[in-house]
Amino acid sequence: MTEYHFTEARPWGGFTNLIERDAYKVKEMVLKPGSRVSYQLHRERAEHWFVVQGLGTVTLDDIERPVRAGETVDIPVGMKHRIYNSGDQNLVFIEVQTGTYFGEDDIVRLSDDYHRETVPLVH
């Protein structure tokens, strides 16, 4: 059980871990204008996003849709996903992870704007 908060910078903005338990983890995610996270999937966790500030575009299994404050996004285990900040202010959302493992090494990057390692998706 984690009771500390820490913020981690990323090229697209950063996140703050708010709470971590055996069955879930909660983060505040902040994306800078014009930035997006890698196109990725997770093998051990699902995610639920609640957008609290800004405008964005979410891609789920190659289908894009706009999102704004007050809207939610559900991402099942194994679904390809990314979010892009299409607005002129920070895009902020709360991410709730559920599953069996919440480590950052559960990120399978399929493409990345910041030249971090990606892997081909093999079926």
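The values are calculated or read from the model by the stated rules, or taken from the named source; none is laboratory data. Given the structure is predicted, the values throughout are model-derived calculations rather than measurements. Cβ coordinates were reconstructed from backbone atoms using ideal geometry, including for glycine residues, and neighbour counts include every protein chain displayed.
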Open item on the list: Restricting to segment 47-75, name every residue that is closer than 22 Å to Tyr101 by Cβ and either among the hydroxyl-bearing types (Ser, Thr, Tyr) or buried (at least 16 other Cβ atoms within 10 Å of the Cβ) (or both).
Closed with: Glu47, His48, Trp49, Leu60, Val73, Ile75
- [ ] Give the number of residues within segment 21-46 that are charged (D, E, K, R) and surrounded by 16 or more Cβ atoms within 10 Å (Cβ to Cβ).
- [x] 5
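Could you tell me whether any residue of segment 88-108 is in contact with a strand residue (DSSP E or B) (Cβ under 6 Å, 6 or more places away or on another chain), among the small types (Gly, Ala, Ser) and closer than 14 Å to Leu31 by Cβ?
Within segment 88-108 (the criterion being in contact with a strand residue (DSSP E or B) (Cβ under 6 Å, 6 or more places away or on another chain), among the small types (Gly, Ala, Ser) and closer than 14 Å to Leu31 by Cβ), the answer is no, since none of the residues qualifies.
For segment 92-103, indicate whether the set of residues that are in a loop (DSSP other than H, G, I, E, B) and among the β-branched types (Val, Ile, Thr) is non-empty.
Yes; the residues of segment 92-103 include at least one that is in a loop (DSSP other than H, G, I, E, B) and among the β-branched types (Val, Ile, Thr).
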TODO: Give the residues of segment 83-102 that are crowded, with 20+ Cβ neighbours inside 10 Å, within 24 Å of Arg43 (Cα to Cα) and at pLDDT 95 or above, sorted by residue number.
DONE: Ile83, Tyr84, Phe93, Gln97
TODO: Identify the single condition in (1) under 18 Å from Arg109 (Cα atoms); (2) at pLDDT below 95; (3) touching a Gly at 6+ places or on another chain (Cβ under 8 Å); (4) of a type outside the set (Lys, Arg) that Leu41 does not satisfy, given that it satisfies every other one.
DONE: (2)
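Among the listed residues Asp22, Asp88, identify the single one that is assigned to a loop (DSSP other than H, G, I, E, B), touching a Leu at 6+ places or on another chain (Cβ under 9 Å) and acidic (Asp, Glu). Full working, then the answer.
Numbers: Asp22 fails: touching a Leu at 6+ places or on another chain (Cβ under 9 Å).
It is Asp88.
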